[in-house]
Amino acid sequence: MNNKQNKSILLGICGGIAAYKSAYLVRLLQDRGYQVQAMMTEAATHFVTPVTFQALTNQVVLTDIWDPRIPNRMAHIEATRQADAMLIAPATANVIAKLAAGFADDLLTTTALARNCPLLVAPAMNREMWAQAATQRNIKQLEQDGIIVIGPASGSQACGEIGEGRMEEPEIIATVIDRALTSKSWAGRQVLITAGPTMEAIDPVRAITNHSSGKMGYALAEALIKKGADVTLISGPVAITPPYGVRLISVMSAEEMLNAVMKYVTDCLVFFSVAAVADYKPATSHSQKIKKNTQDLTLELMPTVDILATVASLAHAPFCVGFAAETNSVEDYAKQKRLIKNIPVIIANHAQQALGHDDNEVMIIDDSGQYPLVKANKSVIAEQIIDHVVKLLNRKK
Ligand code: CTP
């Protein structure tokens, strides 16, 4: 459980085959610390029984507007007053049409109309139903009414067809819920982040790279998007999924990363330089594979440009946050790097502890001192780094 444990989601489930995914969605929301109250349309109960959701949520599932178990017989008011957000997943074309027109002819639609909390809907239907002018018109209406529409995704459908209309993946839906319930303290702020390793080609099949996984940079991106920032993530080759809603620029080499950074740095407020950028690249680029022989092979390397130092030296430099990965004398080297690169803050960490792991133990170093953070998941560390940066930004004002 985390600090969201007091927040509650009213999950409306409509009659579509994607209703089976909503059971998993309940677990994901609970894992993120939300309490979930399920509400099902009559049609939904034909796909999955209320017993499934009752067992998962440990709460009686609401299905009937005339439910005699609700003392004041006003389930539609009670349920929404206790919720921080109402989520309808899956939302069928029929329910979407009713929401767009303001109908209230069953418990779910009546509750949606009576709500005093944000409403999010995750449409799920056959691709032709989704593409119909009527559905598209209704979706636009929902968006105009301030309802958050999640997805739909594209891919193979239960009916055997392929196209747009699948319910968005439960992980993404849970992430959007998180964001909807987070205060948008970074709204209107542009942020640039570099993440992951770079890969310097030796020849078409070989390269020099490092063990950076990109997890720290991606965690910062996720945390900042949640707070409403406009995030551009310039990433070297990694094996993790980019946060939903990020502007992702994929690069390979240090030179490509530098070019992308220089393109997107204008107007950005903060630059988080998290990438493990190669300091050297092969001096010669071979267009064909180097063939082996019995002789020693010497590779001549030449230095790459220091991206962070370059950005920090710009006339209108953003607020720069550097990272220092060291194997020894961590604090001393990090302090030196902060001064050499002329940046206000650097995050020092042990390379062996940081690279590739989900957890990290870091020390924030700025001109007022050192602030060690206890070992935690990179998403928690990201939040703490952002809080510290906010303090420094406020001090600058
Ligand atoms: N960095 C950069 N461009 C480079 C090298 C590093 O932008 N060509 C940035 C990193 O993103 C990080 C900081 O500089 O924010 C420090 O990177 P690190 O690899 O720890 O140090 P280096 O400056 O490369 O020095 P060394 O490898 O000697 O420790």
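The values are calculated or read from the model by the stated rules, or taken from the named source; none is laboratory data. What you see is a predicted model; the values in this text were computed from it and never measured. Quick reminder, even Gly has a Cβ in these numbers, built from the backbone with ideal geometry, and neighbours come from all protein chains shown. These area figures cover heavy atoms from the full protein model, side chains too; ligands, DNA and RNA do not enter into them. Shrake-Rupley method; radii C 1.70, N 1.55, O 1.52, S 1.80 Å.
For the reader, a short list of remarks on this structure follows.
- Within the chain, longest stretch free of exposed GluC sites (Glu not before Pro) [DSSP loop, at most 16 other beta carbons within 10 Å]: 162-299
- Bridges between two residues of the chain, per DSSP, are antiparallel at a rate of about 35%.
- ASP296 sits with roughly 150 Å² accessible to a 1.4 Å probe, with DNA, RNA and ligands left out of the calculation.
- Among the trypsin sites (Lys or Arg not before Pro) in region 36-107, those located in a DSSP loop and surrounded by at most 14 other Cβ atoms within 10 Å of their own Cβ are ARG69, ARG73.
- Mean separation of Cα contacts under 8 Å (6+ apart) over length of region 223-356, as relative contact order %: 18
- For the chain, the 222 nm mean residue ellipticity estimated from helices alone, with every DSSP H stretch of n ≥ 4 adding -39500 (n - 2.57) and the total spread over all residues, rounds to -10000 deg cm²/dmol.
- Size of charge dipole - the chain - debye, nearest 20, with Cβ of Lys, Arg +1 and Asp, Glu -1, no other charges: 480
- D_trans [Stokes-Einstein, Kirkwood Rh over alpha-carbon pairs] for region 1-143, 37 °C, 0.692 mPa s, µm² s⁻¹: 216
- Accessible surface computed residue by residue for the chain, with neighbouring protein chains in place and a 1.4 Å probe, gives 49 Å² per residue.
- Region 209-241 and region 343-397: distance between their alpha carbon centers, rounded to Å: 15
- Summary of the geometry: region 125-170 and region 1-64, compared by the centres of their Cα atoms, lie 21 Å apart.
- ALA38 long-range amide H proximity, modeled H, under 5 Å: LEU11, LEU62
- Note that region 321-397, at 37 °C in a medium of 0.692 mPa s, gets a Stokes-Einstein diffusion coefficient of 261 µm²/s from its Kirkwood radius over C-alpha pairs.
- For region 133-240: rounded, prolate or oblate by the Cα gyration tensor [a/c cutoff 1.5]: oblate
- For the chain, built as a Gaussian network whose Cα springs stay under 10 Å, the top-fluctuating residue of ILE77, ILE364, ILE162: ILE162
- Cut-off under 5 Å, modelled amide H: who pairs with ARG189 long-range: ASP230
- Karplus-derived 3J(HN,Hα), 6.51/-1.76/1.60, for each residue of region 298-313, Hz, glycine and proline x: 10, 9, 8, 10, 10, x, 8, 7, 7, 5, 4, 4, 5, 5, 4, 8
- Amide H within-cut-off set for ILE202, under 5 Å, with H built and near neighbours excluded: ALA207, ILE208
- Zero-based 20 Å bins, Cα pair distances in the chain, whole percents: 24, 44, 27, 4, 0
- Region 8-180 - share of DSSP beta bridges that are antiparallel (%, nearest 5): 20
- The HN-Hα couplings worked out from phi for region 7-17 by the Karplus form 6.51 cos²θ - 1.76 cosθ + 1.60 (θ = phi - 60°) are 7, 10, 10, 8, 9, x, 10, 9, x, x, 4 Hz, whole numbers, x standing for Gly and Pro.
- Subset of LYS7/LYS335; LYS281/LYS341; LYS289/LYS341; LYS140/LYS378 violating a 29 Å alpha-carbon distance limit: LYS7/LYS335; LYS289/LYS341; LYS140/LYS378
- The share of accessible area on the chain that comes from carbon and sulfur is 51 percent, using a 1.4 angstrom probe.
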